[in-house]
Amino acid sequence: MLRINIILKYLRILFQFWSTSLSIELEYKLNLFVEILSTIGNLAGSLFVLSMFYTADNTLGGWPWHSSLIILGFYTLIESFTISFLQPNLSRIVKQVQNGTLDFVLLKPVNSQLWLSFRTFSPYGLPSLIVGIILIYIGLVKGNYYVNELSLIISFVMFICGLIILYSLWFLIASTSIWFVKIWNANEVLRSVLISGRYPISAYPLALRPILTFLLPVAFLTTVPAQALLGIAPFSLMMVGVTIAIVFFVFSINFWKYALKFYTSASS
Amino acid sequence: MPVIRVKDLSKEYLVADKQPGLIGTFRHFFSREYTSIKAVESIGFNIDRGEIVGFIGPNGAGKTTTLKMLCGLIHPTSGVVNVSGNIPSLRKYKFLKDITLVMGQKQQLIWDLPPIDSLKVNAAVYGIPDKEASYRIQELALMLDLKEELNRPVRKLSLGQRMKAELLASLLHRPSILFLDEPTLGLDVNSQLRVRDFLYNYNQKYQATIILTSHYMADITSLCKRILVIDKGQLFYDGPLAKLTQQFSPSRLVRLEFNEQINFSLLKHYGKIIKQDNYSVKLLINRNDLPQKINNLLNNFSIRDLEIADPPIEEIISKIYSNKIE
């Protein structure tokens, strides 16, 4: 009963958070228009690049065109999450530490990590969400893959794990701003790492693959969910993915609590 | 039973020193030398429920650091803080729902939207039901004299209107302990007065405890019966405002108006001339000699009007800060 109350409370908070951030976007009509244009342009660009790859050679790291589309689909879904949540929220943490408005967040009776991670919602991630789903669907249909409910569920779970891994990494870097105040555009670093997830991990040189799997777990963002969907993901690899997700997430929570002990609050 | 208890509270910061210039910058980058700075040094006081306490001191004295320790934003280096039975730095939700921090130079309102949107967010955050929230908004808006401003984007509001809206947002959850850091900063005299009146009314209505820092002494004199003076991180004075005046300024301010133009050099024997005009003068006269000197003045000059008051609190305070106590 108490749990339900807490969930309802947070749902109401999130509703307020996201409806205000939508209103902010709508305040500036021209900006809204430009943003929508740039989102469409971006998507067209990445499709074009992928199609160029496959006109020359018909497989990429052992992945045929259709299954690569599925990976690109997952990549686009990750992009959508990044654009809607990670980018607008986590890059703001640095700003809030810098000018001290983090004070207001810390004094509210809400989980501060939740507030900082989901305060704003940018609608510009929505087109990517739709395109991502369409890409996966096209890949499945054109490649004549048969997907049963179980692999759909497993793939979804693995995808959520991927999101958690990416989120935790990003949040960890952002929270170091408590000490360093201005951290070198962590944003950009992670984005460039993320781009490597556009293509199957097996398309990369052998030496890079362990790094992309374990050190920067890019493999779990796109390749593993795609494999899970096609029913070809090794069980052990999926278990590793789930474990990494849990460990990273728990670590990010505790690291944030630890970091706050060192918060000095920008002077007035 | 005090609602705020502070004992031996200290806060030290490590600050990296940087030499000027490019060489200094490189040196700073590779090997930093840290100096520990005592922002607050073993201060202690108790505050009862319903008190309005003024917290004054020069810039960098440690006022804001102390306030931030009281509301749990920064962890003390040593010492004990207890606010309404809670340890602030744990930031328990029960504690956070009972306090508020208003900072004159930082704002929580969403810049691009009308205040009402920020208020709705706060209502959700504090778990205030919609009906109750709109009732409270109406009530506080009335006390603050805010009307259609609540529906205008914050960026279009004047500084005074914004501060009032900021107060509304900070008090929506009806906290019983208010930490106010320069709440009247940059406001014109009228808006200052409004904010002051509002704080007084809020205190009376909800028996709220208020700790207030301000560089405008008028805020302090009109609201606070008790003041804490802090300088270089140490508590310098804790007591009634009136006693501070007596303790640190043995003189009183006498304003005289004459019927005719007079030779001001004749007045030098009576006290220190602060300001002189054609027909009037302001003198500082020692408390002990006051009756005698006034008597002489009345006998020797043709006086139209006479007024005796305490010297302005600003002068006393600045005297205390510069340690030049008479």
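The values are calculated or read from the model by the stated rules, or taken from the named source; none is laboratory data. Computed from a prediction, not measured in an experiment: that's the story for all the values here. Here Cβ is always computed from backbone atoms with ideal geometry, including for glycine, and neighbour counts include all displayed protein chains. Protein only, heavy atoms only, side chains kept; ligands, DNA and RNA dropped before computing areas. Shrake-Rupley method; radii C 1.70, N 1.55, O 1.52, S 1.80 Å.
Tell me, in nm to one decimal, what length is gained between residue A:66 and residue A:4 on full extension, where the rule is 0.36 nm per residue of separation less the Cα-Cα distance?
Once the chain is fully extended between residue A:66 and residue A:4, it gains 18.0 nm.
Just give the residues from segment A:94-137 buried by at least 40 square angstrom of accessible area in the all-chains context relative to the isolated chain, probe 1.4 Å, and say none if nothing qualifies.
With the partner chains in place, segment A:94-137 has these residues losing at least 40 Å²: A:103, A:104, A:106, A:107, A:108, A:109.
List, in order, the whole-Hz ³J(HN,Hα) value for each residue of segment B:257-269 obtained from phi through the Karplus relation with A = 6.51, B = -1.76, C = 1.60 and θ = phi - 60°; use x for Gly and Pro.
10, 9, 7, 9, 5, 10, 7, 5, 5, 5, 7, 4, 5
Through the Karplus equation 6.51 cos²θ - 1.76 cosθ + 1.60, θ set to phi - 60°, convert the phi angles of segment B:43-57 into ³J(HN,Hα) values in whole Hz; use x for Gly and Pro.
Per residue, the Karplus-derived 3J(HN,Hα) values read 9, x, 6, 10, 10, 8, 4, x, 6, 10, 10, x, 10, 10, x Hz.
Give the percent of DSSP beta bridges with both residues in chain B that are antiparallel, rounded to the nearest 5.
70 percent
Counting pairs of Cα atoms in segment A:220-268, how many percent are more than 16 Å apart?
Result for the distance tail: 57 percent.
In a Gaussian network model over chain A where Cα atoms closer than 10 Å are linked, find which of A:17, A:121, A:104 has the largest mean-square fluctuation.
The residue that fluctuates most here is A:104.
Could you give each residue of segment A:246-261 its phi-based ³J(HN,Hα) in whole Hz, using Karplus coefficients 6.51, -1.76, 1.60 with θ = phi - 60°, and x for Gly or Pro?
Values, residue by residue: 5, 4, 4, 5, 4, 4, 4, 5, 5, 5, 4, 4, 5, 4, 4, 5 Hz.
If the label point is 7 Å along Cα→Cβ of residue B:15, which residues in segment A:229-268 have backbone nitrogen under 17 Å from it?
Zone members listed by number: A:264-268.
Output the peptides B:96-105, B:300-309 sorted from most to least packed, where packing is the average of other Cβ atoms within 10 Å over each peptide's residues.
Listed from highest to lowest mean packing, they are B:96-105, B:300-309.
Can you return the aspartates and glutamates within cross-link range of residue B:225? Criterion is Cα-Cα under 12 Å, with same-chain partners fewer than 8 residues away left out.
B:51, B:238
How much of the DSSP beta bridge set in the protein assembly as shown is antiparallel, as a percent to the nearest 5?
Within the protein assembly as shown, antiparallel bridges account for around 70 percent of the total.
Take every residue in peptide B:156-164, count the Cβ atoms of other chains within 10 Å of its Cβ, and give the average of those counts.
0
Once you have the Cα-Cα distance between residue A:51 and residue A:257, take 0.36 nm times their residue separation minus that, and quote the gain in nm to one decimal.
Using 0.36 nm per residue and subtracting the Cα-Cα distance, I get 69.6 nm.
How would you rank A:198-207, A:88-97, B:264-273, B:23-32, highest first, on the average number of other Cβ atoms within 10 Å across their residues?
So the peptides A:198-207, A:88-97, B:264-273, B:23-32, ranked by packing, come out A:88-97, A:198-207, B:264-273, B:23-32.
Straight distance only, please: which aspartates and glutamates reach the Cα of residue B:293 with their own Cα at less than 18 Å, same-chain residues fewer than 8 apart left out?
Within the straight-line cut-off, residue B:293 pairs with B:257, B:305, B:307, B:310.
Can you give the FRET efficiency to the nearest 0.05 for residue B:42 and residue A:188, using r as the Cβ-Cβ distance and R₀ = 41 Å?
0.35
Per residue, how much accessible surface does segment B:238-326 expose to a 1.4 Å probe? Answer in Å², no decimals.
That works out to 59 Å² for each residue.
Please state, to two decimals, what the Cα-based radius of gyration of segment A:2-260 comes to when divided by 2.2 N^0.38 Å (N = residues).
With N residues counted in segment A:2-260, Rg over 2.2 N^0.38 Å equals 1.06.
Tell me, what is the FRET efficiency for residue B:7 and residue A:130 to the nearest 0.05, using R0 = 41 angstrom and their Cβ-Cβ distance as r?
It comes to 0.10.
Let me know the Rg and Dmax you get for segment A:33-156 when you use only its Cα atoms, in Å.
When restricted to the Cα atoms of segment A:33-156, Rg and Dmax are 18.8, 58 Å.
Most mobile of B:233, B:44, B:62 per a Gaussian network model of chain B (Cα springs, under 10 Å)?
B:44
What relative contact order, as a whole-number percentage, does chain A give when Cα pairs under 8 Å and 6 or more residues apart are counted?
Contact order relative to length: 26 percent.
Which value, in nm² and rounded to one decimal, describes the direction-averaged projected area of the C-alpha convex hull of the protein assembly as shown?
37.0 nm²
Just to be sure I understand the model, the point goes 7 Å from the Cα along the line to the Cβ. What's the resulting residue A:33 to residue B:135 distance in nm?
The answer from the label model is 4.7 nm.
Would you work out what percent of the accessible area of segment A:2-260, with all protein chains in place, is carbon or sulfur (probe 1.4 Å)?
With neighbouring chains kept in place, the figure for segment A:2-260 is 74 percent.
Take every residue in peptide B:84-95, count the Cβ atoms of other chains within 10 Å of its Cβ, and give the average of those counts.
Rounded to a whole number, the mean comes out at 1.
Cα to Cα, under 16 Å, and not fewer than 8 places away if on the same chain: which aspartates and glutamates meet these conditions relative to residue B:131?
Partners found: B:117, B:139.
For the residue pair residue B:259 and residue B:77, what label-to-label distance in nm results when each label sits 7 Å from Cα along the Cα-to-beta-carbon direction?
The modelled label-to-label distance comes out at 6.6 nm.
How many Å² of accessible surface get buried when B and A come together, counting both sides, probe radius 1.4 Å, rounded to the nearest 100?
2900 Å²
At 1.4 Å probe size, with the rest of the protein present, what percent of the exposed accessible area of chain B is carbon and sulfur atoms?
50 percent
Would you check segment A:2-260 for Lys pairs whose C-alpha atoms are within less than 20 Å, ignoring same-chain pairs closer than 8 in sequence, and give me the count?
The number of close lysine pairs in segment A:2-260 is 6.
What residues of segment B:123-141 lose no less than 50 Å² of accessible area with every protein chain in place versus their chain by itself (probe 1.4 Å, heavy atoms only)?
In segment B:123-141, residues shielded by partner chains: B:124, B:125.
What's the Kirkwood radius of chain B in Å, using all Cα pairs?
22.8 Å
Using alpha carbons only, how many angstrom separate the centre of segment A:215-238 from the centre of segment A:145-175?
Here the answer is 9 Å between Cα centres.
Compute the distance in nm between two label points, each set 7 Å from the Cα along the Cα-to-Cβ direction, one at residue A:145 and one at residue B:200.
So the two model labels end up 7.3 nm from each other.
Using the heavy atoms of the protein chains alone and a 1.4 angstrom probe, what is the accessible area of segment A:2-260 per residue in square angstrom?
Each residue of segment A:2-260 exposes 49 Å² on average to a 1.4 Å probe.
Could you work out the Kirkwood radius for segment B:218-326, taking every pair of different alpha carbons, averaging 1/r and inverting it, reported in Å?
Averaging 1/r across every pair of different Cα atoms and inverting gives 15.4 Å.
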